[in-house]
Structure formats: C-alpha cells, structure tokens
Amino acid sequence: MTILDAIYLGNPLKNYILFLVFIFLGVFFGKLVRIITTKYLRALAGKTKTKFDDILLDALDMPLIILIFAGFFWYGLNYLVLPQKIGILANEAINVVVTLSGVWFLVKFVDDFIIEFIAPLAEKSETKLDDHVIPSLRKLVRILIIVIGFLVMLDNIGYDITTLLAGLGIGGLAVALASKETVENFIAGILIIMDKPFGMGDWIKFGSSEGIVEEVGIRSTRIRTFDDSLIVVPNANILRTEIENFSAMRKRRVLINIGLTYDTPVEKLKRAKEIIKNILDEHRGVILPIRITFKEFGDFSLNIRVEYFIRNFGFDYYLNTIDEINLKIKEEFEKEGIEMAFPTQTVYLKKDD
C-alpha cells in the first residue's frame, strides 16, 4: 500500500489531495473567468449600443466567481466520506452560498437596470415626482428580492416555508394588514406619478388643507403650508379627495367693483371705463378676456364691474400686477377729477309745522 492509499479520518490521502486540487481549480477558473470578463467581454460590451450587456456583466462579476468556486468545492466533496451531520451541513452551506449569489446577482442587476433605463425616463418627464420616487422604488425592489431570497434559502436547507408562514398566526396577520396599507399608499404614489395631478413645488388644495408640495415618498406626500407647518399625508388619502392645483392655472382671474360717486356725470363715467380699458390693454401681464361694464346703481355708488386675467407667472407676479393696475387707475382718476365713492348715508329730517 502506497502512502497515497493511507487512510486518515476515514478517507485515503489521495482523496484529500483530489479535494484540494478541486479547490485550487475553483480558484483558478474563477480568476480565469474574471480575466476573460474584464479584458475581453467588457470590451465587446462597450462597443454595443445597448447598456444591457454591461449591466449583465457587472451583475455577474462576483456571483459567477462564487458559483464556480462553490461548484468545484461541491464536486471535490464527493471524493470524501464525511460523517452524516458534517455532510448535511456542508451541502446546506453550499445551498446557502448559491442562493446568496443569486440574490446578489438579482439585486445588482435590477438596481442597475432601474438606474440605467428607468431613471433616464424619469429625468425626461416634465414632473419631478418620478425623480423623487425612483430611490424609493430601488429600495423596495431590493427588499423584495432579499426577502424572497431568504425564503428560498430556508426552503433549500429543509425548512417548510408554508408551515413557517402559517405559524406566524396573529403576528403575521398584523404584518399583512400593515403591509396592505403600505402597498396601498405605494400604489397611490405610483398613480400620482402617472396621472400627474400635481408636481414638486406646486401649490395645491385638498380637503381643508393647502400648501406647496415638497416631497412625494413611497408612503406619503409632504406639503408645506403657508403658515410654514408641514403636513404629511398618506398617498392613498390624497387620491380619495378632490385636488385643486393652483399652479396649473394658465391665467388668474381678477374681479373687482369700482364705485363712483352719484354726482359723476355720464361723460366722466364713460371716461372712467375708457381709462380702465386702456390701462388693462397696455399692461404686459394682462390677457384676454377683458370685461368692463357699468353694472348697477348701488346703495351709495355707481358701480363699474371690472374683470380681467393675469398671466400665471406665480403668485407674487399676480399680486404685483394687481398693485400696479390699481395704482395706475387711482392716478388716472385723480388727473381726470373722477371721484370714487365711499359708504355714505343721506338722512332726511321732516320738520313738523
């Protein structure tokens, strides 16, 4: 009997050597595959128009090397006679390594796919909402892949997943109910992105609240009120209410009544309408329609109804335009001697004879 046939711990020495040879081959072929991938396949992938092959190679990099090594390790184990418990443990360890490699590949591949293909689509869209949701989407996908991978790993090493899930009992039901609300809000967030009822920075009103949209997250939307408080609203709640988007207005309506004193002559009344019309026509911020009408004989004034629209360049522009127009009307009326009315009462006293 040669030294190679000598038995150690139930196995001949040559079997240990074969096992070590397969370990060496696993390391060798792992490095060889990485060299081929780095120097040749990546170069070829860089010449193609699509980024898909680059993403695939990046995702396969380490998981493939680990799988090659695990394969040679497993094949080498076949040359050894191991105690039952150690053999089972070794097989379970290999199953865990293979599953983790698959999870690693999927997480990397899907994450890079979102960055390379979905994120650019979000950047090209008019709204910034989808830009904000992309990071949340990436996190959610990673969590789902890891959870599924964990369950597959448990199944591979002999755990009954069905029994495990059923054993969660009331706790599992509570988690399911909580996740139901989370999923509901997430889907509502996706619908907000697709339907685009508002965008980041828009001034909106929903229910009894209004403010500026600051953030749309995976579960909720954050809105800054005009009192500078922050409202955090579940996405599903927003979609259940009527949303009024003031920022989406193409123009802002102005409706005022200008009252002139009752002793204003007809000619000056006509002149007042003409002055208002000229001021509105000449202002760069005013757009059609413009309506100026001697509306009514009020209790203490002759009322001119003035209706016009202002270009929607923001709320400050709206206020500044109204300010400029009102000051100009007041100035021109003073030049023409046209007096505006204020609430007055005439009291008649009857003198008894």
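Here each label is just a point 7 Å from Cα along the line to Cβ, and for residue 273 and residue 154 those points are 8.1 nm apart. Distance from the C-alpha centroid of region 255-329 to that of region 1-64: 83 Å, rounded to the whole angstrom. Put a plus charge on the Cβ of each Lys and Arg, a minus charge on the Cβ of each Asp and Glu, and nothing anywhere else: the dipole of region 249-336 about its Cα centre is then about 500 debye.
For each of 252, 219, 42, count neighbouring Cβ atoms within 10 Å of the residue's Cβ, then give the residues from fewest to most.
Details: 252 21, 219 18, 42 15.
Least to most surrounded, the residues fall as 42, 219, 252.
For region 195-247, what mean projected area does the convex hull of the alpha carbons give, in nm²?
Details: hull surface 13.3 nm².
Mean projected area for region 195-247: 3.3 nm², to one decimal.
Rg of the Cα atoms in region 249-336, relative to 2.2 N^0.38 Å, amounts to 1.11.
Put a dot 7 Å past the Cα of residue 53, heading toward its Cβ, do the same for residue 243, and the two dots end up 4.2 nm apart. In the structure shown, the pairs 277/335; 270/328; 277/330; 108/139; 51/108; 139/196 are assessed against 20 Å; a Cα-Cα span above that value is assigned to 139/196.
Using 0.36 nm per residue, how much length does the chain from residue 311 to residue 141 gain when fully extended, once their Cα-Cα distance is taken away? Don't skip to the end; give the middle numbers.
Values: separation 170, 0.36 × 170 = 61.20 nm, distance 4.33 nm.
So the extension gain works out to 56.9 nm.
Peptides 265-271, 320-326 ranked from most to least packed give 320-326, 265-271, packing being the mean of other C-beta atoms within 10 angstrom over each peptide's residues.
Residue exposure proxy: 40, 308, 262, 318, ordered by other Cβ atoms within 10 angstrom of their Cβ from fewest to most, comes out as 40, 262, 318, 308. Between 302, 321, 245, the Cα set farthest toward the positive side of the dipole of region 232-353 (charges on each charged residue's Cβ, about the Cα centre) is that of 245.
Applying 0.36 nm per residue to the separation of residue 250 and residue 89 and subtracting their alpha-carbon distance, the gain on full extension is 51.0 nm.
Rounded to the nearest 20, the Cβ-based charge dipole of region 181-314 about its Cα centre (Lys and Arg +1, Asp and Glu -1) stands at 640 debye. At full extension, residue 32 and residue 326 could sit 97.8 nm farther apart than now, given 0.36 nm per residue minus the alpha carbon distance.
Let me know the shape class of region 1-96, please: from the alpha-carbon gyration tensor, a ≥ b ≥ c as square roots of the eigenvalues, rounded when a/c is under 1.5, otherwise prolate if a/b is greater than b/c, or oblate.
On the way: a/c = 6.94, a/b = 2.38, b/c = 2.91.
In terms of gyration-tensor shape, oblate.
Taking R0 as 35 Å, what FRET efficiency do you get between residue 319 and residue 118 from their Cβ-Cβ distance, rounded to the nearest 0.05? Don't skip to the answer; put the middle values down first.
On the way: r = 40 Å, r/R0 = 1.16.
It comes to 0.30.
Each value in this text was obtained by applying a stated rule to the coordinates, not by laboratory testing. Quick caveat: nothing in here was measured; it's all calculated off a predicted structure. Note that we place each Cβ from the backbone using ideal geometry, even for glycine, and neighbour counts take in every protein chain shown.
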